[in-house]
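Encoded as structure tokens, the structure appears first; notes follow it.
Nothing in this text is a laboratory measurement; each read-out follows from the coordinates by a stated rule. Remember, predicted model here, so these are calculated numbers, not experimental data. Using ideal geometry, Cβ is built from the backbone for each residue, glycine included, and neighbour counts are taken over all protein chains shown.
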Amino acid sequence: MTVSDQDSPRQTRASMPDIDDLLHHHTELPTTGISEWFDRVVSAIGKGASWLWLVVTGIIIWAVVGRYAFGQGSVLLEEVQWHLAGIGWLLGLGYTLVVDDHVRVDVIHERLSLKAKGWIELLGLMFLLLPFLCLAIYEMVPYAISSWEVGETSQAPAGLPYRWVLKSVLGLAFMLILVAAVSRLLKVTALLFGFPKAIRIESGNIKKEDAS
């Protein structure tokens, strides 16, 4: 066997599947005018919420330095940490659905045709995700209102007041996921049934043409 017959290490690495391709299976759905607008709103909120992680990191550093350098612990700072972390995580859930970047490991789904994937998306959205989200919002809204009416505060001494704020964000997060799910449903119906009117996506840029 000659040297030319053997794959070089660089060629071998190039031929190996990317780990991101194995975990993140993107279903290339067409988008519509309405879904594009929905996606922009959810994405803007998700990206804005991502800045909270910098704030959380700063508060953690502040709390650690105060505790170990100056011997001053703070229950208030500890609760601010997990409140902001929870808000950042919750408001980012809808964004992961918009960009279809949540982790999937499904070898069967990956081998199906685009229309078969579309039917799976349609059935999953209509009979699993959307009913769950509607039920969650139905339960979360009174949950937050009740907390606001009684003026719920932290049970810890010197903890945070206004516990209803975090509970309201929980309901808002489910609403954002619902908007993202409706957007995705419109993309699926555009693929399968031709309505609403689809626009083509090429290389991540939206080109306003009729999808072929």
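Residues whose amide H falls under 5 Å from that of residue 32, counting only those 5 or more places apart or on a different chain, are 199, with hydrogens built in the peptide plane. Charge dipole (Cα centre; +1 on Lys/Arg Cβ, -1 on Asp/Glu Cβ; no other charges) of segment 36-148 amounts to roughly 120 debye.
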